[in-house]
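For reference, the structure is listed below as structure tokens.
Rule-based calculations on the coordinates, nothing more; no lab input. None of the values given here were measured: they were computed from a predicted structure. Positions of Cβ are generated from backbone atoms using ideal geometry, with glycine treated the same way; all protein chains shown enter the neighbour counts.
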Amino acid sequence: MGGNQAEYDIAIIGTGPAGISAAINARIRNKSFILFGNADLSAKVERSHIISNYPALPEISGSELNRRFAAHLEQMDIEITSERITGVYNIGKYFMLLAGQKEYKADAVILATGAQTVNEIKGERELLGKGVSYCATCDGNFYKGKTIAVISDNKESEEEVDFLAELAEKVYFCPSYKTDYSRENVIRLPGFVKSVNGERHADGITLSDGSIIAVDGVFFLKQTVSADVLLDGLEMNNGSVAVNRDMSTSVKGCFACGDCTGRPYQIAKAVGEGNVALHSAVTYLAENKGKKE
């Protein structure tokens, strides 16, 4: 194992109810695993005023349920790795997960990334890898001394904005939240970005007022991105990850659970799918033991 690379049986992406369920069962099954996500767990659960359909916990608030989830993780000595996964690469016999400059290796992956809450804008998907990026650390160095746009939906990403501002000559910053972020070569944009422009490569953005700004590249710093953007070749169904009854996806060794697999968007459903995904991953690992080089 390289000095900057860690290896696990299973990598679980997401700390909502589905990811937590998968992690708890991974600990019970004595598998080596890593759980990526937010230490505050699910913001969607936290915002739920009263949850009435979770068995044995009638009329529980979302914040109390999150507190109990956190206590369960702590009791089982399960740590959360608060790093944003920007890419999952299917190497064939294992998966490589990229988080900034760090790489993680896992024999199986469980996606519990939740439903994508921010719609993609025109040109974002079409120009991905052609001047559009979701990873500041991966692609920032391509824009040394150039002009870029950064579109962010979370304050935590401002460290990445700092990193990009150190490299680029000029940064047009469009946050979708309230912030007092300021830097000499960063220009905060009013309104929102309607589209990324360009044919073979991103060369500009169009704002909500119709004005166009020329840029050399565009960075989207999102809390969540569509699962098929994270992992190439993942089959989707109406914007959700297509899964079989055992939570397996179109990519061998990758399983998905929770809101990312579609409706109903219910906590009980997510917990059940997380359990199934983990046990299916365990079966997959057992069937493929000894087949790896």
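Cut-off is 10 Å between beta-carbons; in what order do 194, 144 appear when sorted fewest neighbours first? Don't skip to the answer; put the middle values down first.
Working: 194 16, 144 10.
Placing the least packed residue first, the sequence is 144, 194.
Based on alpha carbons, the Rg and Dmax found for the stretch 193-293 are 19.0, 59 Å.
Taking 197, 53, 154 in turn, the Gaussian network model of the chain (Cα-Cα springs below 10 Å) assigns the largest fluctuation to 53. Cysteines of the chain lacking any other cysteine Cβ under 4.7 Å from their own Cβ: 174, 254, 257, 260. For the chain, the mean residue ellipticity at 222 nm estimated from helices alone is -7000 deg cm²/dmol, where every DSSP H run of n ≥ 4 contributes -39500 (n - 2.57) and the total is divided by all residues, rounded to the nearest 500.
From the alpha carbon centroid of the stretch 30-108 to that of the stretch 225-247 is 18 Å. For residue 97, neighbours were defined as the other residues whose beta-carbon sits under 14 Å from its Cβ, and their charges (Lys and Arg +1, Asp and Glu -1) total -3. Less than 5 angstrom separates the built amide H of residue 60 from those of 51, all sequence-distant by 5 or more or on a different chain. With axes computed from alpha carbons, what is the tilt in degrees of helix 158-167 against the longest principal axis of the chain, rounded to the nearest 10 within 0 to 90? Compared with the principal axis, the helix lies near 40 degrees.
Contour minus end-to-end for residue 146 and residue 185, with contour as 0.36 nm per residue of separation and end-to-end as the Cα-Cα distance? All intermediate terms of the calculation are to be shown ahead of the outcome.
Values: separation 39, 0.36 × 39 = 14.04 nm, distance 1.13 nm.
Taking residue 146 through residue 185 to full extension adds about 12.9 nm, to one decimal.
Whole-Hz Karplus values for the stretch 267-272 come out as 5, 4, 5, 5, 4, x Hz, taken residue by residue from phi with 6.51 cos²θ - 1.76 cosθ + 1.60 and θ = phi - 60°; glycine and proline positions read x. The GNM of the chain, with springs linking C-alpha atoms under 10 angstrom apart, assigns the highest mean-square fluctuation among 111, 164, 278 to 164. Rounded, prolate or oblate: which fits the stretch 139-229 when a ≥ b ≥ c are the square roots of the eigenvalues of the alpha-carbon gyration tensor, with rounded for a/c under 1.5 and prolate only if a/b beats b/c? Rounded is the answer for the stretch 139-229, as its axis ratio a/c remains below 1.5. Summed over all non-identical Cα pairs, the Kirkwood treatment of the chain gives a radius of 20.1 Å.
Selection among 152, 201, 173 by position relative to the dipole of the stretch 132-221 gives 201 as farthest towards the positive end (Cβ unit charges, Cα centre).
Applying a 10 Å radius around every beta-carbon, put 266-277, 83-94 in order of their mean neighbour count, most first. Walk me through the intermediate numbers first.
Values: 266-277: 22.2, 83-94: 16.8.
Top of the packing list down: 266-277, 83-94.
How far is helix 17-28 tilted, in degrees, relative to the longest principal axis of the Cα atoms in the chain, given as a value from 0 to 90 rounded to the nearest 10? Helix 17-28 sits roughly 50 degrees off the main axis of the chain.
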